[in-house]
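These notes concern the structure reproduced below.
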Amino acid sequence: MNDTVALLQKFNAHPDSRCWYVAWNPKGTLLASCGGDRAIRIWGREGDSWECKTLLQDGHQRTVRKVAWSPCGNYLASASFDATTCIWKKKNDDFECLTVLEGHENEVKCVAWAPSGNLLATCSRDKSVWIWEVDEENENEYECVSVVNSHTQDVKHVVWHPTQELLASCSYDNNVCVYKEEDDDWECRATLEGHTSTVWGLTFDPSGQRLASCSDDCTVKIWKECQPEGGQEGTDVAWKCVCTLSGFHGRTVYDIAWCPLTGALATACGDDGVRVFKEDETADPDQPAFSLSAHVPKAHTQDVNCIAWHPKEAGLLVSCSDNGEIAVWNYQSGV
Amino acid sequence: SSLKQQNCERLQTAKDEDEDVADPIDDREIFDLIRSINDPEHPLSLEELNVVEQVRVRVDDQENTVGVEFTPTIPHCSMATLIGLSIKVKLLRSLPERFKIDVHITPGMHTSEDAVNKQLADKERVAAALENSQLLEVVNQCLISNARTS
């Protein structure tokens, strides 16, 4: 391993509680974090350090599990154990709660904006994935257009394809599901089996041709869309597992992020470590191979819950932990 | 079920008396934390019911891991998840943050062993469960320490 991950900053983001998730805004000027203290914090860079610009304390009655910025950067969505999803509008340094999306029966585990900005997906312990449409005329209006029940257990995460209107979800049932819209209704078009325990995270590669998943089984799997047997038009899409990274992670892998700029793959692990994998150049596209490029064994003093690449600055990485901390890293590839 | 006899006395060693040496956490210390947890249904402790035993506690202080196997009183015990949760919460509240805590059913001792173990291992589910005030109250009742010796 010639490559390095250097710590740039580390700071306590959620006092006496877990920091569950952290997300860069599309411009990369702000970080939103959320945690077990039921709060959302927005952080802005001040020279070499990060300052808390906004504290959103009263949006949720329970843990805030994930936050997601809209593609335009003007809105923030937050998913909570209180079974609601809040939509916030940015007004300078402040955020106003525009609307609260209700409907899930219990904890909302994830919220994600489609790249078009018109659609939102949420998922829950109630086993369902909901797709919401934003009203173009009225920014307060969100309409649920589909409820899909393809998983048999809690749905942990949802992620949109970078360019197509395609959604993927992963679950406590050990599977990944891929969804497409058919006649104004969203349906599961493929179920990706292979992990032997809960799948916690998902990320598409920059082109959207491949999907990476991470699991409680301590592995990462790379999936690629392939032609279904028979090759007929209109049949379900098929995804195959083309690579499994095992033996690298000591405990549950909670999150995974594919860098849109460099193609590097970063993971957040329950063994307190942050790892970066690089794809081997020479491999067959249908049989990719990845090597461990850099590893920080004690990135935090407790589980790492989330990892995210900066959208503009290659190599800049952020992680957060059960100990309430956020850490900003610089990954440099020697080659 | 019969009451357990008091475990053998700990031998006092020279190392125990040396305040400057940080004592590694050992199996006995973990057991002491969980032995008096109350069973949710019966006026007896988990030790008295043989649900927890010191031999089923594994600590690795260097690796920062704690593993506890617990044996439900009957294979269909509906309280198994709650008991496991009480053990987990007690250890989470008592141990230094560096420890990774695994609580699972003694292999072969419950009909829904895998399902219960999976729930206990899922920290997101555990966190959400503990935000349910009713469930939290039940767990706290199990963790109330009694004055009586056992």
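A short reminder: the numbers here are calculations on the coordinates, not readings from a lab. Remember, predicted model here, so these are calculated numbers, not experimental data. Note: ideal-geometry Cβ built from the backbone for every residue, glycine included; neighbour counts use all protein chains shown.
Between A:Ser80, A:Ser33, A:Ser49, where does the largest GNM mean-square fluctuation fall for chain A, given springs only between Cα atoms within less than 10 Å?
A:Ser49
From the phi angles alone, apply the Karplus equation (6.51, -1.76, 1.60; θ = phi - 60°) to segment A:284-296 and give each ³J(HN,Hα) in whole Hz, x where the residue is Gly or Pro.
5, x, 8, 9, x, 10, 10, 10, 6, 8, 8, 9, 10
Just tell me which aspartates and glutamates come within less than 15 Å, Cα to Cα, of A:Lys278; anything on the same chain fewer than 8 places away is out.
Qualifying aspartates and glutamates at Cα under 15 Å: A:Asp3, A:Asp205.
List the pair-distance distribution P(r) of segment A:107-231, using every Cα-Cα distance, as the percent of pairs falling in each 5 Å bin from 0 up to the bin containing the longest distance, rounded to whole percents.
Here the calculated profile for segment A:107-231 is 2, 11, 22, 24, 21, 12, 5, 2, 1, 0.
Report, please, the projected area of chain A averaged over directions, based on the convex hull of its C-alpha atoms, in nm².
Mean projected area of the Cα convex hull: 16.2 nm².
Would you mind telling me which residue in A:Cys97, A:Cys177, A:Cys72 has the biggest mean-square fluctuation in a Gaussian network model of chain A, where springs connect alpha carbons within a distance under 10 angstrom?
A:Cys72
I need the per residue convex hull volume for segment A:264-329, using only the alpha carbons, in cubic angstrom as a whole number.
It comes to 92 Å³ per residue, whole-number rounded.
Using only the alpha-carbon atoms of segment A:182-335, report the extent along each of the three principal axes, biggest first, to the nearest angstrom.
Largest first, segment A:182-335 extends 51, 33, 32 Å along its Cα principal axes.
Label A:Asn140 and A:Asp94 with points 7 Å out from Cα along Cα→Cβ: what is the distance between them in nm?
So the label points at A:Asn140 and A:Asp94 sit 1.7 nm apart.
Sort A:270-276, A:137-143, B:87-93, A:194-200 by packing, meaning the average of other beta carbons within 10 Å per residue, with the highest value first.
Output ranking for A:270-276, A:137-143, B:87-93, A:194-200: A:270-276, A:194-200, B:87-93, A:137-143.
Can you pull the percent of Cα pairs in segment A:63-127 with separation above 20 Å?
Value for segment A:63-127 (Cα pairs over 20 Å): 23 percent.
Would you mind giving the mean number of other chain beta-carbons within 10 Å of the Cβ of each residue in B:116-122, as a whole number?
What the average comes to for B:116-122 is 3.
Would you mind computing, in nm to one decimal, how far apart the modelled labels at B:Glu97 and B:Asp26 are, each placed 7 Å from Cα along Cα→Cβ?
Those two pseudo-labels are separated by 2.9 nm.
How big is the antiparallel share of DSSP beta bridges in segment B:32-120, given as a percent to the nearest 5?
Among the beta bridges of segment B:32-120, antiparallel pairing accounts for roughly 45 percent.
Under a plain spin-label model, where a point goes 7 Å from the Cα along Cα-to-Cβ, how far apart in nm are A:Glu187 and A:Lys27?
Going by the 7 Å Cα→Cβ label model, 4.3 nm.
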